[in-house]
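The values are calculated or read from the model by the stated rules, or taken from the named source; none is laboratory data. Everything quoted here is computed from the prediction, not taken from an experiment. Cβ placement follows ideal geometry from the backbone for every residue including glycine, while neighbour counts extend to all protein chains displayed. Quick note on the areas: whole protein, heavy atoms, side chains included, nothing else; ligands and nucleic acids left out. Shrake-Rupley method; radii C 1.70, N 1.55, O 1.52, S 1.80 Å.
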Amino acid sequence: MTQLNSLDFDPNKLTLTWADGSSSQFHAVWLRDNVLEEDARHKNGQRLFDWSELPRDFSMKSAEVDGDTIKINFNAEDRQSSYPIEWLKTYAYDNQAPEKSYEIWGKDLDLSLIYHDYKEVKKGGQAMCDWLKSVRKYGFGIIQNVPQEEGTVLNILNSFGFVRETNYGKLFEVRTEENPNNLAFTPLGLNVHTDNPYRDPVPGLQALHCLESNNDGGESVFVDGYNVAELLRQEEPIYFDLLSSYHANFRFCDGKADLKNRATVIGVDNFGHFTHILYNNRSAAPLNLPANVMEDYYIALLAYSDMLHREEVEVLFKLKQGELVLFDNERVLHGRKGFAGGKRHLQGSYADKDSLNSWINIWEAKQ
């Protein structure tokens with residue numbers, strides 16, 4: 001039970017002081033919007049009123065502690081509502097930034113935190129949760145000993161959510177070809193990038209399943225875009241502001257699909273936490289920024305690009321036959337070193353992060 005030391009009343013807000021000496025403010029308008037009684041909330045938690053129906057006088061007549069709740073009388077509607085103190089502590093918003101769900105990393109990342117076993121993950125439960133949480137925390141997670149059967153990647157994605165079908169279909173192939181129409185189908189190296197920034201919404205997750213790999217080289221290169229964005233914020237704050245404020249243009253057009261999106265390269269919320277990284281020079285369309293910003297923006301973009309290629313931010317590993325990597329496509333940039341001869345065949349697919357987060361939340365709520 002949350003211990004409450006004191007309650008200070010003002011008609012327009014409450015100030016609650018907790019046992020640890022910290023305090024939280026709750027504005028009357030927020031309290032009225034979040035009333036919990038049956039006439040205001042369905043049993044599923046959704047509001048039964050529209051915001052347009054709220055009174056314009058949100059002030060309170062009184063507030064008092066009653067056991068483990070606080071009872072409030074509002075001036076308008078002659079309404080009394082009760083709020084569990086524990087509930088108020090949970091949803092306190094005053095000077096409390098939400099906890100970050102991610103942890104940034106560089107080349108020293110302990111890869112043992114990333115690897116998981118297929119037989120255990122397939123069972124679901126805690127092993128599945130651990131794999132998905134590594135994706136949420138570090139941006140990627142690898143399953144070992146996955147059956148080398150085509151289409152398995154779809155089954156794995158469906159085990160926690162839904163496959164994101166695009167103009168490439170539900171499943172796409174990455175393999176070496178004699179007459180390739182894409183650099184991904186050659187033995188050449190690929191610079192780090194995020195996929196499909198030209199979509200709205202951008203696929204939040206990408207999975208790659210290695211079916212065949214018998215070549216020299218071809219190591220995967222992963223870079224934590226959040227880590228590099230933080231480096232940019234610390235070293236070149238003006239450049240950071242440019243890339244997180246102005247929208248860039250991305251486009252893909254092949255005659256069957258014409259996809260366009262405008263978004264910031266670096267996404268950040270009002271608490272300074274990162275929300276996305278979109279970086280793909282091959283899909284970049286001409287910028288249309290104000291003339292007095294254009295040159296500085298390019299300088300900022302090139303600075304971020306240089307940082308993405310620093311050795312200390314790269315994690316290298318070779319995706320082996322029977323391994324599947326799932327990664328956050330709006331955070332982790334992926335690329336590949338070149339390789340000589342041999343064959344390499346991966347199958348890939350996309351999914352969205354809402355299903356991943358939902359699966360984790362439901363599992364942990366049951367524990």
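Taking only protein heavy atoms and a 1.4 Å probe, the accessible area of segment 87-165 is 45% carbon and sulfur.
Largest first, what is the accessible-area ranking of 90, 264, 15, 275 with a 1.4 Å probe? Can you show the working numbers first?
Working: 90 90, 264 15, 15 35, 275 65 Å².
Reading off the accessible areas and sorting them downward yields 90, 275, 15, 264.
Within the listed set 92, 207, 229, the Gaussian network model of the chain (springs between alpha-carbon atoms below 10 Å) gives the highest mean-square fluctuation for 92.
Label-to-label distance, residue 162 versus residue 115, with points set 7 angstrom from Cα along the beta-carbon direction: 3.5 nm. Cα-based values for segment 272-321, radius of gyration first and Dmax second, are 15.0, 51 Å.
Taking every pair of distinct Cα atoms and averaging 1/r, then inverting, what Kirkwood hydrodynamic radius in Å comes out for the chain? The answer is 23.7 Å.
These residues, 295, 86, 219, go from largest to smallest accessible area, 1.4 Å probe, as 295, 86, 219. Counting only lysines at least 8 places from residue 337 when in the same chain, those with an alpha carbon closer than 20 Å to its own are 107, 318, 320. A helix-only calculation puts the chain at -7000 deg cm²/dmol for mean residue ellipticity at 222 nm, using -39500 (n - 2.57) for each DSSP H run of at least four residues, averaged over all residues. Taking 23, 283, 355 in turn, the Gaussian network model of the chain (Cα-Cα springs below 10 Å) assigns the largest fluctuation to 23.
Computing the accessible area with a 1.4 Å probe over protein heavy atoms, can you report the carbon and sulfur percentage for segment 223-367?
Working: 3440 of 6870 Å².
Its accessible area is 50 percent carbon and sulfur atoms.
Classification of segment 321-367 by its C-alpha gyration tensor yields a prolate form. The axis ratio a/c (a ≥ b ≥ c) is 1.5 or more, and a/b outweighs b/c. Take segment 27-100 with all the other protein chains still there, run a 1.4 Å probe, and you get 63 Å² of accessible area per residue. Note on residue 256: lysines with a C-alpha under 25 Å away, same-chain residues under 8 apart excluded, are 170. With a 1.4 Å probe rolled over the protein heavy atoms of all chains, the accessible area of 173, 38 falls in the order 38, 173, largest first.
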